[in-house]
Amino acid sequence: MKILIIGGGNMGLTYARSFARTHVTSRLDLRLLARSPERVPVLAAHEVGTVWGTPQECVPGADILILAVKPQDSAELFDTLKGLVQPQQLVLSIMAGVRIATIREALGTPKVIRAMPNLPAQIGMGMTAFTGTDEVTRAELVQVQNLLSTTGKTVYVEQESAIDASTAISGSGPAYVYYCMGALMDAAAHMGFSPAEAELLVSQTFRGAVELYSQSGLSCQDWIAKVASKGGTTEAALRAFGAGAVREGLMAGAGAARDRAEELGK
């Protein structure tokens, strides 16, 4: 399986390293296309595969093309690839907001899979939703899922609209977590802790809470009930969250992110 990753930014290199580490393909069959010839030695220094500077030499021989450039650069990318992509090649796009129909029309290819990874993919803890066109076979879907799973967990969705929803939940989700962590760190600082102490208190609390949840079959509400004794400190905090509509605010934020993802796709 010859894989060509187009784009040598954070996500492109993340996938290249993951593929090399998990041996889903050999280094000889893993290729990267730099955006310019000047970037070739920079990418080659990472030693994760063969690096090319021009598409004419590497696109035709690839089985899977992974489009890993920024969405604002997609038009330029399509111009570069025009006439080079063949109908039998599988195109996997991780460009946020760029619709399958846009990719099909621009490249003239029927086999397109669109995926939405998130930032923790960089450490093998990512969450990626993906979907594909009808022309993509079941075997090819499994093949791509195996590739995406090298960076964490995956979920296949039937409708492309669910990709926008996953963007709002898992794609943008890490920022929501950091937002909550930052608020608690500020609270700790106001209570007299040093910045280092506040960071340790909050980061370890989040890490431990998520690990507890992951190792159990309990719901979030179950765990809240275990922490919050009647008339205690946690109950007082939860009552304040309710008065401040914190839950509703987070849900509204996720909804706004989904709406924006849909707008960008148009």
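What does the charge dipole of the chain about its Cα centre add up to, to the nearest 20 debye, if the Cβ of each Lys and Arg holds +1 and the Cβ of each Asp and Glu holds -1? Walk me through the numbers before you get to the answer.
On the way: 23 positive and 25 negative charges, 61 e Å.
Roughly 300 debye, rounded to the nearest 20.
Please go through region 109-210 and write out the GluC sites (Glu not before Pro) that DSSP classes as loop and that have at most 11 other C-beta atoms within 10 Å. Mind showing how you got there, number by number?
Values: sites: Glu135, Glu140, Glu158, Glu160, Glu197, Glu199; in loops: Glu135, Glu158, Glu160.
Counting only loop positions with at most 11 other Cβ atoms within 10 Å, the GluC sites (Glu not before Pro) in region 109-210 are Glu158.
What accessible area, in Å² to the nearest ten, does a 1.4 Å probe give for Tyr156?
80
Report, in debye and to the nearest 20, how large the dipole of region 97-199 comes out about its Cα centre when Lys and Arg carry +1 and Asp and Glu carry -1 on their Cβ.
Working: 6 positive and 10 negative charges, 57 e Å.
Dipole magnitude for region 97-199 comes out near 280 debye.
Give me, ordered by chain and number, the residues 5 or more places off Val51 or on other chains with an amide H under 5 Å from its own placed amide H.
Answer set, sorted by chain and number: Leu32.
Averaged per residue, what accessible area in Å² does region 63-180 show with a 1.4 Å probe, protein chains only? Mind showing how you got there, number by number?
Working: 5390 Å² over 118 residues.
Spelled out: the 1.4 Å probe surface of region 63-180, per residue, equals 46 Å².
For Lys226, give me every one of the aspartates and glutamates with a C-alpha distance below 16 angstrom, ignoring sequence neighbours fewer than eight places off in its own chain.
Glu211, Glu235
If you take all C-alpha pairs in region 9-77, what percent of them are over 17 Å apart? Could the numbers behind the result be given before it?
Working: 928 of 2346 pairs.
Of all Cα-Cα pairs in region 9-77, 40 percent lie more than 17 Å apart.
Once you have all Cα-Cα distances for region 133-266, histogram them in 10 Å bins from zero and send the whole-percent values.
Taking all Cα pairs of region 133-266, the binned fractions are 10, 26, 35, 19, 9, 2, 0 percent.
Could you sort the peptides 26-32, 37-43 by per-residue average Cβ neighbour count (10 Å cutoff), highest mean leading?
Details: 26-32: 17.7, 37-43: 14.1.
Ranked by mean Cβ neighbours within 10 Å, highest first: 26-32, 37-43.
After finding the eigenvalues of the alpha carbon gyration tensor for region 20-117, what semi-axes result from the square roots of 5 times each, listed largest first in whole Å? Present the calculation step by step, with values, prior to reporting the outcome.
On the way: eigenvalues 92, 46, 38 Å².
One finds semi-axes of 21, 15, 14 Å for region 20-117.
Measure out, as a whole number of angstrom, how far apart the alpha-carbon centroids of region 240-255 and region 73-92 sit.
For region 240-255 versus region 73-92, the Cα centre distance is 42 Å.
Apply the Karplus parameterisation 6.51 cos²θ - 1.76 cosθ + 1.60, with θ equal to phi minus 60°, to every residue of region 213-225 and state each ³J(HN,Hα) to the nearest whole Hz, in sequence, with x for glycine and proline.
Computed from phi, the couplings for region 213-225 are 4, 5, 8, 10, x, 8, 7, 4, 5, 4, 5, 4, 4 Hz.
Order 60-71, 75-86 from most to least packed using the mean count of other Cβ atoms within 10 Å. Please list the in-between numbers first.
On the way: 60-71: 19.9, 75-86: 15.2.
Top to bottom by mean Cβ count within 10 Å: 60-71, 75-86.
Tell me the relative contact order for region 77-222 as a rounded percent, counting alpha carbon contacts under 8 Å between residues six or more apart. Show your work: numbers first, answer last.
Values: 162 pairs, mean separation 23.5, N = 146.
About 16 percent, as a whole number.
List the relative contact order of region 94-155 as a percent without decimals, with contacts defined as Cα pairs under 8 Å and 6+ residues apart. If you can, show how the numbers build up before the last one.
On the way: 85 pairs, mean separation 19.0, N = 62.
Once normalised by length, the contact order is 31 percent.
If ligands, DNA and RNA are left out, what is the accessible area of Val177 with a 1.4 Å probe, given in Å² to the nearest 10?
60
Please report the carbon-and-sulfur percent of the accessible area for region 130-266; probe 1.4 Å, protein heavy atoms only, DNA, RNA and ligands left out.
It is 60 percent, rounded to a whole number.
The values are calculated or read from the model by the stated rules, or taken from the named source; none is laboratory data. Bear in mind the structure is a predicted one, so any value in this text is a computation, not a measurement. In this analysis, Cβ positions are derived from the backbone assuming ideal geometry, glycine residues included, and neighbour counts consider all displayed protein chains. Ligands, DNA and RNA are excluded from the accessible area calculation, which covers all protein heavy atoms including side chains. Shrake-Rupley method; radii C 1.70, N 1.55, O 1.52, S 1.80 Å.
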